[in-house]
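A short worksheet on the structure shown next.
The values are calculated or read from the model by the stated rules, or taken from the named source; none is laboratory data. Keep in mind that this is a model prediction, so the values were computed, not measured. Reconstructed Cβ throughout: ideal geometry from the backbone, glycine too, with neighbour counts over all protein chains shown.
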Amino acid sequence: MPSKKSPGKRALSTMAATTTPTLSSSLPSPSEPAASNPSTKDPQSWASLTPPLSPWLHTALQTLSFERMTPVQASTIPLFLGNKDVVVEAVTGSGKTLSYLLPLIQRLSGTERRRHRIGGIVIIPTRELAGQIFSVLSSLLQFQPPSEAGLKAQLLRGGEGDARSDLQAFLRDGPDILVCTPGRLEELLGSRYVVISGDTFEMLVLDEADRLLDLGFSEVLAGIMARLPKQRRTGLFSASVTEAVVGGLVRSGLRNPVKVVVKVKEREVERRVPVREKRKKKRIAGVSDERKAKEEEWRELVEQVKKERAERGLEKVDGDVGGWFEDMV
Ligand SMILES: Nc1ncnc2c1ncn2[C@@H]1O[C@H](COP(=O)(O)OP(=O)(O)OP(=O)(O)O)[C@@H](O)[C@H]1O
């Protein structure tokens with residue numbers, strides 16, 4: 001008798017069938033030099049992208065010392081530019097941020113934009129990470145030629161001002177890209193002044209999707225996605241991509257996604273570690289290992305999110321912090 005598979009399992013195996021090879025084995029590591037034979041096109045050179053990035057983005061990348069793509073960038077950017085939905089399982093520090101910001105900027109640069117019509121949304125689990133992604137985006141956007149009507153971005157995150165002041169800034173500035181934590185975005189989208197239309201909306205990114213779900217945002221995300229045009233590109237980035245972790249989100253939010261798996265780090269990520277954390281790490285350095293430092297970081301993150309949810313009168317998140325940490329490592 002054929003074994004019964006749950007719909008979830010079936011959906012995920014379909015996704016796995018379209019999986020690109022694990023890039024750590026198919027591309028040179030970021031530290032390897034570019035191909036010495038000039039006739040061999042370096043698959044990690046920015047110039048190898050088709051369609052090409054705008055000249056001002058090349059200038060930005062060169063000035064910011066991003067000389068070549070990391071493996072996650074080399075595999076993910078062409079997929080987004082080629083109109084695919086993408087699920088990315090990548091280790092911390094692999095360079096995910098540029099792998100979605102660059103195609104998002106590029107896709108929006110080529111489209112006709114209208115004031116107060118959003119072109120792209122990046123959703124991130126915490127305020128701190130949202131701030132960091134927003135600074136990377138801002139540092140790229142500052143290279144836009146002054147002659148062009150430049151893309152604008154807005155940061156929306158809980159704990160800063162309130163939804164009303166965010167709405168005022170939105171109406172005043174007319175941003176094309178929103179970088180946000182889920183709750184504050186949900187509040188903004190609840191306003192009748194915020195229009196998201198299929199003509200201008202290009203791309204949704206869920207960064208650290210596993211954390212978003214761990215922190216209890218699954219319903220909020222479902223509500224947000226229901227409000228976005230179906231004709232869009234969606235990228236989901238997660239440290240772990242399994243049916244149990246993100247299967248539901250992949251099925252409800254993405255269309256025939258291509259899965260990318262990357263196990264190569266670009267460099268140790270310093271920017272995601274708050275100053276306070278660094279001090280704590282120093283204190284426990286003698287008696288502990290990397291796991292202990294991670295647990296501290298995770299504990300603080302969970303407490304921060306619990307506090308944010310309590311402040312906003314949202315339902316409490318179940319689960320004990322230790323258990324969540326076990327899931328993460
Ligand atoms: N093409 C590149 N060339 C050189 N450095 C890069 C490149 N892309 C990213 N980096 C650097 O690598 C580091 C990691 O990048 P990024 O923060 O995007 O990784 P990540 O995968 O998002 O990490 P996390 O899991 O913490 O979110 C950063 O310091 C970033 O500036």
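Some observations on this one:
- Subset tally (residues that are among the polar types (S, T, N, Q), surrounded by 19 or more Cβ atoms within 10 Å (Cβ to Cβ) and assigned to a helix (DSSP H, G or I)) for the stretch 77-109: 3
- Qualifying residue in the stretch 154-162 (condition: at pLDDT below 95, within 19 Å of residue 229 (Cα to Cα) and touching a strand residue (DSSP E or B) at 6+ places or on another chain (Cβ under 9 Å)): no
- Residue match in the stretch 125-148 (condition: in a loop (DSSP other than H, G, I, E, B), closer than 28 Å to residue 195 by Cβ and touching a strand residue (DSSP E or B) at 6+ places or on another chain (Cβ under 9 Å)): no
- Criterion: touching a residue at least 40 places away in the same chain (Cβ under 8 Å), away from the ligand (no atom under 14 Å from the Cβ), of a type in the set (S, T, N, Q) and within 23 Å of residue 171 (Cβ to Cβ) - qualifying residue of 144, 154: 144
- Residue match in the stretch 161-178 (condition: assigned to a loop (DSSP other than H, G, I, E, B) and aromatic (Phe, Trp, Tyr)): no
- In the stretch 223-246, the residues that are over 16 Å from residue 118 (Cβ atoms) form Cβ pairs under 9 Å with partners that are outside any helix (DSSP H, G or I) and of a type in the set (Gly, Ala, Ser), at six or more places apart or across chains, as follows: 237/90; 238/90; 239/90; 243/6; 245/238; 245/239; 246/238; 246/240.
- Residue that is farthest from residue 188 (Cα to Cα) [pool: residues in the stretch 133-161 that are of a type in the set (S, T, N, Q) and surrounded by 16 or more Cβ atoms within 10 Å (Cβ to Cβ)]: 144
- Total residues in the stretch 196-209, condition under 22 Å from residue 77 (Cβ atoms) and touching a residue at least 60 places away in the same chain (Cβ under 8 Å): 9
- Among the residues examined, residue 177 qualifies as more than 16 Å from the ligand (Cβ to nearest atom) and out of contact with any Leu (no Cβ under 6 Å at 6 or more places or on another chain).
- Taken together, the residues in the stretch 36-60 that are touching a residue at least 24 places away in the same chain (Cβ under 8 Å) and within 11 Å of the ligand (Cβ to nearest atom) amount to 2.
- Residues satisfying the stated conditions in the stretch 56-76, i.e. surrounded by fewer than 20 Cβ atoms within 10 Å (Cβ to Cβ) and of a type in the set (Ser, Thr, Tyr): 59, 63, 65
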